[in-house]
1. Just checking, which of Ser146, Ser119, Ser135 is among the polar types (S, T, N, Q), surrounded by 18 or more Cβ atoms within 10 Å (Cβ to Cβ) and over 18 Å from Ile190 (Cα atoms)?
2. Looking at (1) assigned to a helix (DSSP H, G or I); (2) modelled with pLDDT under 85; (3) open to solvent by 40 Å² or more (accessible area, probe 1.4 Å); (4) not aromatic (Phe, Trp, Tyr), which is the one condition that is false for His126?
3. Restricting attention to the range 273-290, report how many residues are part of a helix (DSSP H, G or I), open to solvent by less than 100 Å² (accessible area, probe 1.4 Å), modelled with pLDDT under 90 and in contact with a helix residue (DSSP H, G or I) (Cβ under 8 Å, 6 or more places away or on another chain).
4. Please determine whether any residue of the range 174-195 is under 23 Å from Asp98 (Cα atoms), in contact with a helix residue (DSSP H, G or I) (Cβ under 9 Å, 6 or more places away or on another chain), modelled with pLDDT under 90 and not in a helix (DSSP H, G or I).
Amino acid sequence: MDLSIVVPSYNEEESLPLLLEWIERVVVAEGLEHEVIIVDDGSSDGSWSVIETLANRYTGIVRGVRFRRNYGKSAALNVGFQRAQGDVVITMDADMQDSPDEIPELVRMIREEHYDLVSGWKKVRHDPLSKTLPSKLFNATTRKISGIKLHDFNCGLKAYRSEVIKTVEVYGEMHRYIPLLAKEAGFKHIGEKVVTHYERKYGVSKFGIERTIKGFLDLLSVSFMAKFGKRPMHFFGALGTLMFIVGFIAALWLGAKKMWYVYNGLSMVLLTDTPHFYIALTCMILGTQLFLTGFLAELVCRNSTERNKYLIKVEI
């Protein structure tokens, strides 16, 4: 199959029929063998009835998956990725703010320019300032930390080679960081395309300010896992050792200073009456705890079933 289109949806019953008509008009004109997988993320409106109607209307093309409750966009994408059969996989939101007219060019970039992943860039956005400003800050931070030169990590319109989506696992709120997950999995040919962004016609936005907070926390999580997921001792052990050494040297210096005062018959306050003693002691305790944390995490990793899971590109 040429193309799979994965559409996560939450309370978008009004948009879905129009979106499917638009997708079909564009894809059929290109002569692409395709499927559309709509994942209903626990909608509370009539979305599932609409999806059932669409599946009957577009027999063999539209497939639907319905969650029992709302799990989030990452879960919806992951389930859609598992079921996708196309050589090229495209994701887009169900709110009709992403344009299906971009599909042919995205497919071409994957096929002819051999990109592993192409991310949309909503250069001109029709969203309120309360969404665009946090988004700019979020994208700038992600760009700096990840080293991936994309302007819009959170754009729902993306295209992938099938191997990419079958390799990476999207969980929690990690849909924002699929380019980073792909890069860490060895898919480094990542591109970007300016896409048209439309104003929302139906429904309301499902994201608030908490998305920005969660996004930064997830960025720290995915960055840490990418670097130290299989070698936690390198992080906790190194940090713990450093803190212990700092505390030990400080305690040694305080002890030596006390002995020098005593040897020369000079008076000096008790070490336990100075803050430096407790700072040194705290550093040594924290250093020991961090080292033990790394040691225990290393034991867990070594007993994990995925400790020797490596991604093989080709074998002959």
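1. Ser135
2. Here His126 clears every test but (1).
3. 1
4. Within the range 174-195, not a single residue is under 23 Å from Asp98 (Cα atoms), in contact with a helix residue (DSSP H, G or I) (Cβ under 9 Å, 6 or more places away or on another chain), modelled with pLDDT under 90 and not in a helix (DSSP H, G or I).
The values are calculated or read from the model by the stated rules, or taken from the named source; none is laboratory data. In this text, all values refer to a predicted model and were calculated from it rather than measured experimentally. Because the Cβ atoms are built from the backbone with ideal geometry, glycine has one as well, and the counts that use them run over all protein chains shown. Keep in mind that these areas ignore ligands, DNA and RNA; they rest on the heavy atoms of the full protein, side chains included. Shrake-Rupley method; radii C 1.70, N 1.55, O 1.52, S 1.80 Å.
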